[in-house]
Amino acid sequence: MAALSFPAGAAARRRPDLQALGDALAVLVVDVIAVVPMTDRPAARERLANRLDDQSRVPGAGPAAALLGAVANALMRLER
């Protein structure tokens, strides 16, 4: 998995940008799922969110894992 790079000193600004990117990618995922013929799309979104959340918890995975976690969190928020 490719790692995301952040400029030096960006740690304080990283979280809002990561959340916005995660939100955008979650919307993209929902749109992709919408064009796939499925009988239970909400369940598919939930399974995907759970898989991404699991992948985001891999020790030492770094910024890429943080992005997967942000997408998983955004997908979970969309389910509410």
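Extension gain, V32 to A20: 0.36 nm times the residue separation minus the Cα-Cα distance gives 2.5 nm. Across region 13-79, the volume of the C-alpha convex hull divided among the residues equals 68 Å³ per residue. The string of couplings for region 38-45 from the Karplus curve (6.51, -1.76, 1.60, θ = phi - 60°) is 9, 8, 9, 5, x, 5, 5, 4 Hz, one whole number per residue in order, with x for Gly and Pro. Taking 37 °C and 0.692 mPa s as conditions, region 40-80 diffuses translationally at an estimated 324 µm²/s according to Stokes-Einstein applied to its Kirkwood radius (Cα pairs).
Values in this text are rule-based calculations from the coordinates and carry no lab data. Since the model is a prediction, treat every value here as computed from it, not as a measurement.
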